[in-house]
Amino acid sequence: MGCEDVRRVIYFFLDGSLNDAKLREISRHLDDCPDCGMRARIQKRLRQFIRRRLTPVAAPERFKVRLSRSLRALSYEL
């Protein structure tokens, strides 16, 4: 797996939404590639910062359904 591949799926990696094989593959790449490892750490810290600062808001049910469908369609492309 190359850097471009990792950059495309880093958000899914950080969410833990990839299968075990992909998680291991990306983890190995992040361990071996200082640039990608740094990017992943920055993204993780940014996500943590945002989560601490924002107040959770419940999304409308219709939005949740549409988002779920879009994510499933995207996961099939990966």
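With label points built 7 Å along Cα→Cβ from the Cα atoms of Leu46 and Arg62, find their separation and express it in nm.
3.1
P(r) tail for the chain, what percent of Cα pairs lie past 17 Å?
55
Kindly write out, for segment 24-37 in residue order, the coupling ³J(HN,Hα) from the Karplus curve 6.51 cos²θ - 1.76 cosθ + 1.60 (θ = phi - 60°), rounded to whole Hz, with x marking Gly and Pro.
Per residue, the Karplus-derived 3J(HN,Hα) values read 5, 4, 5, 4, 4, 4, 5, 5, 8, 10, x, 5, 5, x Hz.
Relative contact order for the chain using alpha-carbon pairs under 8 Å, separation at least 6, rounded to a whole percent?
Relative contact order for the chain comes out at 24 percent.
Bear in mind these aren't lab numbers, they're just calculated from the coordinates by the rules spelled out. None of the values given here were measured: they were computed from a predicted structure. We place every Cβ from the backbone using ideal geometry, glycine too, and count neighbours over all the protein chains shown.
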